[in-house]
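Quick notes on the structure that follows.
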Amino acid sequence: MDKALRSLLTEKKSNIIRKWQHEIVNSYPKDTARFLKEQNDVFANPVGNTMTLGIEQTFTALLQDDESIEVHSFLKDILKVRAVQTFTPSQAVNFVFLLKKIIREELGKAAEDEHISKALLELDVEIDQLALASFDIYSACRDKLADLKTMELRNMTYRLLQQANLVTERPDIDTSELKAPEGSAYEQFVVKTKRKEGVK
C-alpha cells in the first residue's frame with residue numbers, strides 16, 4: 001500500500017472501524033441492531049464481539065504489506081454467523097464493499113488528491129478481492145449448513161422407521177467393512193415393506 005495513504009488511513013483507523021461496524025449492525029433488523037449496539041458484554045453479545053474483532057483485524061491487515069496474511073480469514077467468523085441468518089448472499093457480503101465508501105468519506109478532500117486517488121483505486125481492487133473471497137466463505141458455510149440439515153433429516157427419518165419397526169439389517173452387507181459417511185449407519189438397513197400376516 002502507498003505510504004501516504006497508509007498514514008492517512010492509520011490516522012483515521014478508529015473512525016473507519018466504528019463506521020464500518022455501524023454499517024454492519026444496521027444491516028440487521030431494528031431490534032437486533034439495537035441489542036448489538038447497546039449490549040457490550042462479550043458473553044451476552046458474542047455476535048457483536050465477533051463482528052468487532054473481525055473488522056478490526058481485517059482493516060489492520062489491509063494496512064499491511066504482508067502478502068502471507070490471508071485478510072479474508074479474519075471475516076470467517078462474521079460470515080459464519082451471517083450464513084445461518086436470513087441474509088441473501090449479496091446482503092451477507094455487502095458490508096465488505098461498503099468499506100470503500102467509508103474510507104472516502106473519512107478521507108474527505110484528501111481523497112481527491114491525484115496521488116491518493118490513484119492509491120485508493122489500488123486499495124479498491126484489494127477490497128473487491130476480499131469481497132469475492134467472502135462470497136466463497138459464505139457459500140461454503142451455506143453448503144455445510146445444507147449438508148447438516150439433510151443429514152439430520154435422514155437420521156430423523158431412520159429413527160422414525162426404526163421406532164415403527166420398519167427397518168431390518170441387510171444380510172447382503174458385511175457391516176465390518178462398511179464405509180458409510182458419519183451419521184449414515186442406517187445404510188446397512190432396509191425398509192420392511194412386506195405386510196404382516198393377517199393384515200389386509
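The values are calculated or read from the model by the stated rules, or taken from the named source; none is laboratory data. Just so you know, these numbers come straight off a predicted model, no measurement behind them. Don't worry about glycine lacking a Cβ; one is built from the backbone with ideal geometry, like all the others, and counts go over all protein chains shown. For accessibility, only protein heavy atoms count, side chains too; no ligands or nucleic acids. Shrake-Rupley method; radii C 1.70, N 1.55, O 1.52, S 1.80 Å.
Per-structure values
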{"read-out": "Subset of region 12-29 (residues that are part of a helix (DSSP H, G or I) and among the hydroxyl-bearing types (Ser, Thr, Tyr))", "value": "Ser14"}
{"read-out": "Options Phe87, Phe59, Phe74, Phe97: the member that is of a type outside the set (Ser, Thr, Tyr) and farther than 23 Å from Met1 by Cβ", "value": "Phe87"}
{"read-out": "Unmet criterion (only one of (1) under 10 Å from Ser134 (Cα atoms); (2) of a type outside the set (A, V, I, L, M); (3) free of Cβ contacts under 8 Å to residues at least 40 places away in the same chain) for Thr88", "value": "(1)"}
{"read-out": "Residue list for region 1-54, filter: at pLDDT below 85 and of a type in the set (A, V, I, L, M)", "value": "Met1, Ala33, Leu36, Val42, Ala44, Val47"}
{"read-out": "Residue in region 64-76 that is within 21 Å of Ile127 (Cβ to Cβ) and touching a Gly at 6+ places or on another chain (Cβ under 7 Å) present", "value": "yes"}
{"read-out": "Residues located in region 1-11, provided they are open to solvent by less than 60 Å² (accessible area, probe 1.4 Å) and either of a type in the set (Val, Ile, Thr) or assigned to a helix (DSSP H, G or I) (or both)", "value": "Ala4, Leu5, Arg6, Leu8, Leu9"}
